[in-house]
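For reference, the structure is listed below as structure tokens.
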Amino acid sequence: MPQARITVFGGTGFLGREIVRELVESGHLVRLVARAPTPPAWALESDQLEMAIADIRSDADVAMVLEDADAVLNAVSLYRETSTTGFEEIHVEGAGRLAMLAREAGIERLVHVSGIGASNDSPSAYVRARARGEEAVLDAMPRATLLRPSVLFGRDDAFLAALDTLTRLPVVPLFGRGETRLQPVHVIDVARAAARLLAGPEQPRRLFELGGPEVMSYREIVELVMAYRQRQRRLLTVPFWVWRTLASLLSPLPDAPLTRDQVILMRDENQVGDGVGTFADLGLAPRSLRDALPDCLDD
């Protein structure tokens, strides 16, 4: 595709901002959409980057920022519900609204960011909402592309930063025995994949699952961080029922450090499945967590 006009919802989030940067640096005209957008620190006056204020819960807002767009990406996410915002209105209603209005605007490319493991059968309200959101998108726009990354990591992330803090403790608690298998993927690699899906040659596949080159247990990832930091700590196995109890006790707090959904996510396997599009289909080779640690954790 030649130079394209691309609207990115959630363009200030951890993944969204990297997608915006990748698209801008590739020469595309990008409209960064958020409820309170701010220009990225790397942006130059010469960049073809527009800031737009919109709420995915508003038909009028969404329709306005879709004007003249050739493609659109939805990277809006809500990881914990609040008294004013829930999973249903963001991940299901918002995603469906965006897809419906994109179709009505004549936009043919829509990439919807979800997550590996999205399922209506999950005990997690967050995961179920992700699955229903995918269904809402495909109901409105059957040729939309679903993009499911595994656990994201990168500089200034939440995943490695939390492990780095955790491994400062004299004893490091594990989720269960630490055997849950993950396929961590660098945020920049996912951003590059998203950019190709938005502005590259059209792909025959409509579902992509993106994971790094190495599947690792949670315990192995913790040990990798400890080795890099040269920390020797005792690892303590903590049953999942204990974590669930702790999450329930913390749930009344306005900004609880642990939620029931997070515990469920740490219990379930998170790796690329069979019969889906991958980095290989896009001609990309993702970097490994092991190789990227110095860049991600160096102060």
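The values are calculated or read from the model by the stated rules, or taken from the named source; none is laboratory data. Only a predicted model underlies this, so the values are computations on that prediction, with no experimental measurement involved. Ideal geometry is used to build each Cβ from the backbone, glycine not excepted, and the neighbour counts take in all protein chains shown.
Descriptive notes on the structure:
- Residues satisfying the stated conditions in the range 118-139, i.e. under 16 Å from the mean Cα position of the chain (by Cα), assigned to a helix (DSSP H, G or I) and of a type in the set (Gly, Ala, Ser): Ala129, Ala131, Gly133
- Any chance Val171 is surrounded by fewer than 21 Cβ atoms within 10 Å (Cβ to Cβ), touching a residue at least 60 places away in the same chain (Cβ under 8 Å) and of a type in the set (A, V, I, L, M, F, W, C): yes
- For Thr165: the one exception among (1) touching a residue at least 60 places away in the same chain (Cβ under 8 Å); (2) surrounded by fewer than 20 Cβ atoms within 10 Å (Cβ to Cβ); (3) β-branched (Val, Ile, Thr): (1)
- Close pairs (8 angstrom Cβ cut-off, 6 or more residues apart or separate chains): touching a residue at least 12 places away in the same chain (Cβ under 8 Å) and more than 15 Å from Ala161 (Cα to Cα) in the range 222-244, exposed (fewer than 15 other Cβ atoms within 10 Å of the Cβ) and of a type in the set (A, V, I, L, M, F, W, C) anywhere: Arg233/Leu169; Arg233/Val171; Arg234/Val171; Leu235/Val171; Leu236/Val171
- Filtered by the rule that a residue be surrounded by fewer than 23 Cβ atoms within 10 Å (Cβ to Cβ) and either free of Cβ contacts under 8 Å to residues at least 12 places away in the same chain or touching a helix residue (DSSP H, G or I) at 6+ places or on another chain (Cβ under 8 Å) (or both), the range 207-219 gives Glu214, Met216, Tyr218.
- Selection over the range 5-60 of residues that are of a type in the set (D, E, K, R) and under 21 Å from Ala199 (Cα atoms) gives a count of 9.
- Taking the criterion of being free of Cβ contacts under 8 Å to residues at least 24 places away in the same chain and over 24 Å from Leu101 (Cα atoms), the only residue of the range 121-144 that qualifies is Asp121.
- Residue check: Asp291 meets all listed conditions (1) more than 19 Å from Phe153 (Cα to Cα); (2) free of Cβ contacts under 8 Å to residues at least 24 places away in the same chain but one, namely (1).
- Candidate set: the range 13-58, residues that are of a type in the set (Val, Ile, Thr) and at pLDDT 95 or above; chosen: the one nearest to the chain's Cα centre (by Cα): Ile19
- Residue in the range 5-26 that is hydrophobic (A, V, I, L, M, F, W, C), touching a His at 6+ places or on another chain (Cβ under 8 Å) and under 23 Å from Arg148 (Cβ atoms) present: yes
- Among (1) more than 22 Å from Leu182 (Cβ to Cβ); (2) without any contact (Cβ under 8 Å) to a residue 12 or more places away in the chain, the one test that Ala256 misses: (2)
- Residues in the range 40-97 that are assigned to a loop (DSSP other than H, G, I, E, B), in contact with a strand residue (DSSP E or B) (Cβ under 7 Å, 6 or more places away or on another chain) and touching a residue at least 60 places away in the same chain (Cβ under 8 Å) were compared, and the one that is surrounded by the fewest Cβ atoms within 10 Å (Cβ to Cβ) is Asp68.
- Counting only helices (runs of 4 or more DSSP H) that sit wholly inside the range 151-263, those with at least 2 residues that are within 23 Å of the chain's Cα centre (by Cα) and closer than 22 Å to Cys296 by Cα are 159-166, 187-199, 218-229.
- In this structure, Val272 does not satisfy being surrounded by 14 or more Cβ atoms within 10 Å (Cβ to Cβ) and in a helix (DSSP H, G or I).
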